[in-house]
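Trainee: Below: one structure in C-alpha cells.
The values are calculated or read from the model by the stated rules, or taken from the named source; none is laboratory data. Since we're looking at a predicted model, the values are computed, not measured. Here the Cβ positions follow ideal geometry from the backbone for every residue, glycine too, while neighbour counts run over all protein chains shown. SASA here: full protein model, heavy atoms, side chains in, ligands and nucleic acids out. Shrake-Rupley method; radii C 1.70, N 1.55, O 1.52, S 1.80 Å.
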Amino acid sequence: MTDLAFRSAGQLAAAVAAKEVSSVELLDHYLARVEQLDPKVNAIVARDEEGARAAALEADRTVSRGEPLGRLHGVPVTIKDSLEVAGMRTTGGSARWGEHVSTSDAESVARLKNEGAIVFGKSNMPPDARDWQTYNEVYGTTNNPWDPTRGPGGSSGGSAAALAAGLTGLELGGDSAGSIRVPAHFCGVYGLRTSFGIVPRYGSVSGHAPGTLADFDMAVLGPLGRHADDLDLGLDILAGADHDRAPAWRLELPAARSTTLRGFRVAAWLEDPFCPVDSELAAIMQATLEAVRAEGAVVVEGEGPVGLEETMALYEPLLMAQSGLVESDESYAGLVDLAAAEGAAGGFASNLTVSFREWHALDERRQHSRRRWSEFFRDADVLLCPVTPTAAFPHDQQPDPTWSVRTLQVNGANRPYRDMLTWMAPSAVNHLPAAVAPVGTTRDGLPVGIQVIAPYLNDRTAVQFVRCLAEVIGGFRRPPGF
C-alpha cells in the first residue's frame, strides 16, 4: 500500500476505476501517512477529513454504478493555501486572513474537483507567497523531507514537501518568482510554471484580499507532481478559458515539438558569471546534458537571447509593481538605476514606485524581449538552465524584508539571497512555460532539478521533454524514511 501512495495521479485514478483500491481506502492511507509522517515536515496544515470522506464515498458509489469517471476520479489531493477551497480556511500564509473560511472554490480547484479529485487538505506557504522558504506565524515552519534542517523552497514549499513525502496524490501551486519551480527543485519533484494566462487564477489569495478579481502580471498557477505524467494531466485539466471568456474562447495548445529526446533541438545555458551556480549543481546538470546528447539530440550551449543582467533590470521593477511592494514617490528612473547598481545586489528596491506610464514603458521593453525569445525558439525547442544557484539551503528566518541580510553559500562564498530570483526571471518576465525535473542529488543527498523553458504556449513541449528525460536518467526518488 505504501508504494501506491507514490504512484502518479493518473495511475491512482486508474486503480480506483479498476477497483484495485477504493477512494475511501486511498484517502485513509494518505491521512494515516499524514498522521505518522507530517509532524516531521509540517507540509499539510489544514484538513477537511469529513468533507473529503463524503466525497470519496460518493466517488466509490459512482464507480460501482458504472458511470463515467473523471481523469482524477477518487484521487486525494491537497492545494496550496493561497487557493480558495469551499468550506476550508484559506490564509495565504498571512495572519491578516488567518480566520478566512472560503465559501467557494477557486476556478482551478473547481476544475480538479470536476475531474473527480478529492481535496482533503491545504499545504503550507510563506506569508503572501513572498519567500523561497516556507514558514509563517499561522502554521509555523515546513521542513524539507530530505533534510529537516533545510527548507523545501517557496512559496509552494508545502506542496512540494507533501508530494516528496508521499502525503498527497497531486498538488496545485502558483508561480511568479519561482514559487513552483524552486520547491520542485529543492524537494526532487516535478513542477510546471504554465504559460501566462492559460490557467484561471480567480480564487487566489497571495498578498491580496480574498475575492480579488484583478489578475497579476507574471503570476500563474500550475501542477506539481511526483511524475512527469502528473504535469501533463494537470495541464490538460487546468488550462482553458476562464469563466468570463468561456462562452467564446477555446484553448488548443500545440502538440509537443518532439516525442523523443533525439528529435529535440536543445539549447543549454547552464552557467553565467552574473549569477554563478554551485559547481556541484553545474556538474550534475552537465551530466544530464551529456545524457541528452547520447540520445542523439542536437545540443547547443550558450547564453539565452536576453542576458541575465538585462533581464533582471526589466524583471525586478515589473515584479515589484505587481506585488504591491512599491510604495513611495520615487521615480522609475531611480528604480532601474538602483536595481542595476552593484549596491542594490542584496535586495529589491522595495521603497520605490512605478507610475502607470512608467509601467507601460517597462512593458514595451518586455514585449521586445519576448520577441527576441520567440525568434530564439525558431532554432531551439527547449532551453535548459538552472533553477537556482544552490540546492536546498538551511532554514534562515532572519527578518529581511528587502533580502539584504540573508545570504546563500555558492562555491564556498556568500552570495546575495536575491540571487534566488535570477534564473527564475527569463521565464516569468517573458510569460514562458517552464518545467522542472529532478536530475540527481548532491553529495549531501539533496535533490537537484533542472529548468526546461519552452516557447510561449508550448507547455506540452516542456512537459514532453522532462517525460523523455525521466526515461533516460530516472525521475522522482523517495526521500529516506518516507
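Trainee: Can you spot a residue in segment 364-379 that is polar (S, T, N, Q), in contact with a helix residue (DSSP H, G or I) (Cβ under 6 Å, 6 or more places away or on another chain) and closer than 30 Å to ARG265 by Cα?
Mentor: No.
Trainee: While we're looking at this one, here's another question. Only one of ARG370, ARG418 is crowded, with 21+ Cβ neighbours inside 10 Å, charged (D, E, K, R) and not in a strand (DSSP E or B); which?
Mentor: Residue meeting the stated conditions: ARG418.
Trainee: Moving to a separate point now. So TYR139 clears everything in (1) in contact with a strand residue (DSSP E or B) (Cβ under 6 Å, 6 or more places away or on another chain); (2) open to solvent by 20 Å² or more (accessible area, probe 1.4 Å); (3) over 20 Å from GLU84 (Cα atoms) except one condition, right? Which one?
Mentor: Condition (3) is where TYR139 drops out.
Trainee: Also: Closer than 14 Å to ASP175 by Cβ, within 18 Å of the chain's Cα centre (by Cα) and polar (S, T, N, Q), is that true of SER156?
Mentor: Yes; evaluated as a whole, the condition is true for this residue.
Trainee: Any idea which of (1) under 24 Å from ALA165 (Cβ atoms); (2) in contact with a strand residue (DSSP E or B) (Cβ under 8 Å, 6 or more places away or on another chain) is the one ASP396 doesn't satisfy?
Mentor: Going through (1) under 24 Å from ALA165 (Cβ atoms); (2) in contact with a strand residue (DSSP E or B) (Cβ under 8 Å, 6 or more places away or on another chain) one by one, ASP396 breaks only (2).
Trainee: Moving on. Given the criteria open to solvent by less than 10 Å² (accessible area, probe 1.4 Å) and over 11 Å from the mean Cα position of the chain (by Cα), does ALA165 qualify?
Mentor: yes
Trainee: Next up: Could you give me the residue pairs with C-beta distances under 6 Å whose first residue belongs to segment 342-365 and is outside any loop (DSSP other than H, G, I, E, B), whose second residue is at pLDDT below 75 and not hydrophobic (A, V, I, L, M, F, W, C) wherever it lies, and which are 6+ apart or on separate chains?
Mentor: That search, which allows pairs on different chains as well, returns GLU358/TYR332.
Trainee: Could you list all residues from segment 421-431 that are among the polar types (S, T, N, Q) and either outside any helix (DSSP H, G or I) or open to solvent by 10 Å² or more (accessible area, probe 1.4 Å) (or both)?
Mentor: Listed by number, the list holds a single entry, ASN430.
Trainee: Let me ask you something else. When you scan segment 111-135, how many residues do you find that are in contact with a strand residue (DSSP E or B) (Cβ under 9 Å, 6 or more places away or on another chain) and open to solvent by less than 20 Å² (accessible area, probe 1.4 Å)?
Mentor: Selection size over segment 111-135: 13.
Trainee: Between ALA267, ALA256, ALA239, which is crowded, with 19+ Cβ neighbours inside 10 Å, within 13 Å of LEU383 (Cβ to Cβ) and modelled with pLDDT of 95 or more?
Mentor: Selected residue: ALA267, the only one of ALA267, ALA256, ALA239 that is crowded, with 19+ Cβ neighbours inside 10 Å, within 13 Å of LEU383 (Cβ to Cβ) and modelled with pLDDT of 95 or more.
Trainee: In addition: How many residues are open to solvent by less than 60 Å² (accessible area, probe 1.4 Å) and either on the phi > 0 side of the Ramachandran plot or out of contact with any Ser or Thr (no Cβ under 6 Å at 6 or more places or on another chain) (or both) if we restrict to segment 55-65?
Mentor: Within segment 55-65, residues that are open to solvent by less than 60 Å² (accessible area, probe 1.4 Å) and either on the phi > 0 side of the Ramachandran plot or out of contact with any Ser or Thr (no Cβ under 6 Å at 6 or more places or on another chain) (or both) number 3.
Trainee: For residues in segment 456-482 being assigned to a helix (DSSP H, G or I) and of a type in the set (Gly, Ala, Ser), which is most open to solvent (accessible area, probe 1.4 Å)?
Mentor: ALA470
Trainee: Right, another one. Is at least one residue of segment 27-42 out of contact with any strand residue (DSSP E or B) (no Cβ under 9 Å at 6 or more places or on another chain), surrounded by fewer than 19 Cβ atoms within 10 Å (Cβ to Cβ) and in a loop (DSSP other than H, G, I, E, B)?
Mentor: no
Trainee: Taking the condition of being buried (at least 18 other Cβ atoms within 10 Å of the Cβ) and without any contact (Cβ under 8 Å) to a residue 40 or more places away in the chain, how many residues in segment 79-94 meet it?
Mentor: So the answer is 2.
Trainee: Still on this structure, I have one more. With respect to ARG111, determine if the residue is over 19 Å from the mean Cα position of the chain (by Cα) and either among the aromatic types (Phe, Trp, Tyr) or not in a strand (DSSP E or B) (or both).
Mentor: So ARG111 fails the test.
Trainee: Report whether or not GLY234 is surrounded by 23 or more Cβ atoms within 10 Å (Cβ to Cβ), in contact with a strand residue (DSSP E or B) (Cβ under 6 Å, 6 or more places away or on another chain) and either in a helix (DSSP H, G or I) or polar (S, T, N, Q) (or both).
Mentor: When the stated conditions are applied, GLY234 passes them.
Trainee: Applying the selection to segment 95-108, what residues are under 11 Å from VAL138 (Cα atoms), of a type outside the set (Asp, Glu) and open to solvent by 10 Å² or more (accessible area, probe 1.4 Å)?
Mentor: Selection gives ALA95, ARG96, TRP97.
Trainee: Does ARG262 satisfy the condition of being in a loop (DSSP other than H, G, I, E, B) and either free of Cβ contacts under 8 Å to residues at least 12 places away in the same chain or on the phi < 0 side of the Ramachandran plot (or both)?
Mentor: no
Trainee: Now a separate question. Residues in segment 12-47 that are in contact (Cβ under 8 Å) with a residue 60 or more places away in the chain and of a type outside the set (Lys, Arg): how many?
Mentor: 16
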